Amino acid sequence: MTLSSTTNSDPNHSDADSTHCDGLLFASSGERVSTMFMENCDLNMQNNINSSMSTSSSDHQQYTNQNAIHATARPEGSSSALGPPTVFSIQPTGSKQSTTSAPAKVPMPPRKRYAVPCQFPQVPFDHRRTANRIWNVKKKHRTEINADMWDGQNHYGKKTVEKLTEWNKNWCSFGTRARGIKRINRDAYTPEQFYEEFMVTKTPVIVTGCMDGWPAMENWTLEHLEKRFPHQQFKCGEDDAGRRLRIKFKYFADYCRKQRDDSPIYLFQSALQEETGSNTLLSDFTVPDIMPFDFFNLVGADKKPPYRWFCIGPKRSGTTVHKDPLGTSAWNAVVTGAKRWVLFEPQVDKKLVKSKELRLKHEDDEAIDYFLNILPRIKDQIVLENKDVRIYEEVQRRGEVIFVPQNWWHGVVNLEDSIAITQNFCGYAEFDEVWKVTRKQRHMLAQRWLSQLKKYRPECYDRAKYLDQKYPMESDDVPRAMMIPISISTVSRTPSASARHGCRHTTFRRTSRSCCSTQSSRAQKFRGGKPRN
């Protein structure tokens, strides 16, 4: 049996020869049988056929031929037909075939993008699920752009990183306002000398020789880490609701090697001590002995705000200029790769540092765009207006540790695929500013910290009490839901609504919310952390 489609331009034709396109004609045992009209036929198509029959036979022949082209043939024995109603007839084998052209396949509708991601057609990933996992992270991490527009500016093809590497050639136009960051060797300074020369004066510096003997210098490569943590989930961003976005390391390493995005996904893992898989990274490095003791260690690792980040930044990734939280200082150690830094002194106006008005409409608000477009315009504006502003820039390479003083504006872009570890801390030089900010923004943390300082660091406790008297907190600075005095001895133990409702915590005098709900809401703020470097 052979399937063919027939057409007829004569409206008075007989049923023995052919049939209209509003029905299907079947053959069995070599004989024609009558057809059954479809119950839900297309009325519009029927009207078009009737109207065409009243016109010239040539016009009608052209119309029916077009319908025959879009007909979809079904295999022999099929009980149904696909596509719109059309003319089908089944003829015995060896009978005269129709002279019309063979039916063409109906084009399938395009698949939905979210159903089958078709990104990176030019990038063959090693893992078959990498493209899908990266796509899911992208569409949640940056909802303001489409996930397939992460390479819209083609920084990969334009080789903009090479231009950023040659930034020091433009210093001559910026004059004496351009500053480099001093480099020193660890063996040339004692911790006391380092404290007096750089920490007290709040001067950024790059130190070499602090990472000698770290196991991380040999173990922290993409290949080694991929074998070590193939299925471990790492944080690589947040969605609009602040929820963490995680991805298996084997997929991120695959993406890191093949990506061509303008500003790639940045992996930054905090709270390593709480992660069952990645906590072994803590044994691969030690805090440089030239850095001071962190007074936040007194509150315990579980109560301490986010302070340590394990970072893997692909080429062209980074962070725009920002200040670290709570007035802390920071050190950043590069194990693999290279980073370009820019720093502004604390007194420089935020509006000048950000300079969002200098960003053009088609430009993105990412680190690569800041260094490539915004920073040169800031320099031109400073020269044009003759402002007394100094800009510190330097490239940090493998085996170097940079010290970023408290309240300094700083931004970074990765010139190569980089792996680094960074920590924030509060020493003697930072204590005054950190305490004033902490008591205002982190009341529960300030309470616990003050009690531990009184027990283990009496000199810091006395300093905190002195600062409370010299800089009293305004009533507007105290949250209404947590009216807790700074002095522990004067805390009110009066039962509140939370105690009457069975709250197991010791309660203080509050206005509306219970102890548990207040701690839960404040715990959400602890998850934010600082922008990654």
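Each reported figure results from applying straightforward, stated rules to the coordinates on display, with no laboratory input. This structure is a prediction, so every number in the text was calculated from the model and none was measured. Ideal geometry is used to build each Cβ from the backbone, glycine not excepted, and the neighbour counts take in all protein chains shown.
Pairs exceeding a 31 Å alpha-carbon distance, out of Lys304/Lys465; Lys163/Lys323; Lys138/Lys182; Lys354/Lys454; Lys139/Lys440: Lys138/Lys182; Lys354/Lys454; Lys139/Lys440. In units of the rule-of-thumb radius 2.2 N^0.38 Å, segment 342-453 shows an alpha carbon radius of gyration of 1.34. From the square roots a ≥ b ≥ c of the eigenvalues of the alpha-carbon gyration tensor of segment 254-373, which class results: rounded (a/c under 1.5), prolate (a/b over b/c), or oblate? Oblate, because a/c is 1.5 or more while a/b does not exceed b/c. Restricting the trypsin sites (Lys or Arg not before Pro) of segment 329-387 to loop positions (DSSP other than H, G, I, E, B) with no more than 16 neighbouring Cβ atoms within 10 Å leaves Arg359, Lys361, Lys387.
By other beta-carbon atoms within 10 Å, ranking Val205, Val434 with the fewest at the front produces Val205, Val434. Per residue, the convex hull spanned by the Cα atoms of segment 170-291 measures out at 205 cubic angstrom. Restricting the trypsin sites (Lys or Arg not before Pro) of segment 231-285 to loop positions (DSSP other than H, G, I, E, B) with no more than 14 neighbouring Cβ atoms within 10 Å leaves Arg243. Going from the residue with the fewest nearby Cβ atoms within 10 Å to the one with the most, Cys210, Cys426 rank Cys210, Cys426. Taking other C-beta atoms within 10 Å as the exposure proxy, Thr208, Thr190 rank Thr190, Thr208 from fewest upward.
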